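Data first, discussion second: the structure below is written as C-alpha cells.
The values are calculated or read from the model by the stated rules, or taken from the named source; none is laboratory data. If you're wondering where the values come from, they're calculated on a predicted model, not measured in any experiment. Glycine also receives a Cβ, built like all others from the backbone with ideal geometry; neighbour counts cover every protein chain displayed. These area figures cover heavy atoms from the full protein model, side chains too; ligands, DNA and RNA do not enter into them. Shrake-Rupley method; radii C 1.70, N 1.55, O 1.52, S 1.80 Å.
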Amino acid sequence: MKPQLGIYITEKNPSKVGWYIERSTTVKQTNCESSGPATYHVEYTLTNMLTEEEKEELSSYVTGDWGAYPDRGGSGMETIIFYPPAGGQLKDFSVTGGGSVPTTGALEWAEVFHTYVQLRPGQTVTYSFDAVVSEDATQKLEVDETPTGQEAADVKYTYLCPVR
C-alpha cells in the first residue's frame, strides 16, 4: 500500500493573489520501531510573497481589492483541507504565524481536517502535525497537493527508516 497525505487549498478571494503564494512541505519520518505503523512529522508552510508596494501598483483584478472589503486586498484567503493517508491518521496539529488550528470534519465519508487563513502580504503561516500511516503500508508516505504555479511542488522528504 502506498500511503498519501492530501493537502488541498481553495482561494476564497476572487483575485490572482495565488500567483504570489508559495507553498512548501517537509516530511520527516520520526519512528523506526520494529512494530506499529510509521509516523511522520509534517510541516506545511504558505508565504504570501506579494509586497505592500506591489499591492499598491497592481490592479484589483490581481490583488482582489474590491473596495467594499479593503482588508482583502493582496491577501490570500485560503481554505485548507488535510486528508490523512488511507487507514492512517493525522494528529497533534499546531500553527505558527497567524492561522487557526485545523478542526476535524467529514468529507465524502472520510475524516479530514480543515482550516482557513488570511495571508496578508509578506505573511507566513506553518501547520505542523504528525501523520501515522496504516500498518499495511509498504512504501514511504508521499504528499498529494493542489497544483501550484511552480514547475514542481516544493516537498522535501527525510526518511530515516527502511520500509518494513
If you take the alpha carbon radius of gyration of segment 28-73 and divide it by 2.2 N^0.38 Å, what ratio comes out, to two decimals? 2.22
Fraction of antiparallel bridges per DSSP, the chain only, in percent to nearest 5: 85
Using the Kirkwood radius over Cα pairs of segment 76-164, the Stokes-Einstein translational diffusion coefficient at 25 °C and 0.890 mPa s, in µm²/s and rounded to a whole number, is 164
Beyond 20 Å, what percent of the Cα pairs of segment 37-131 remain? 46
Charge dipole (the chain, unit charges on Cβ, about Cα centre) - positive-most of Met1, Ser15, Val27: Met1
Cβ-defined net charge surrounding Lys16, 15 Å radius [Lys, Arg +1; Asp, Glu -1]: -3
How large is the direction-averaged shadow of the alpha-carbon convex hull of the chain, in nm²? 10.2
Leaving out ligands, DNA and RNA, what percent of the accessible area of segment 23-164 is carbon and sulfur, probe 1.4 Å? 51
Modelled FRET efficiency - R0 45 Å, Tyr61 with Asp92, Cβ distances, 0.05 increments: 0.65
Give me the count of lysine pairs in the chain whose alpha carbons sit under 16 angstrom apart, restricted to pairs 8 or more positions apart or on different chains. 6
For segment 1-91, dividing by residue count, accessible area per residue (probe 1.4 Å) in Å² works out to 49
Quickly work out the Thr79-to-Gln139 label distance, labels modelled 7 Å from Cα along the C-beta direction, and quote it in nm with one decimal. 3.0
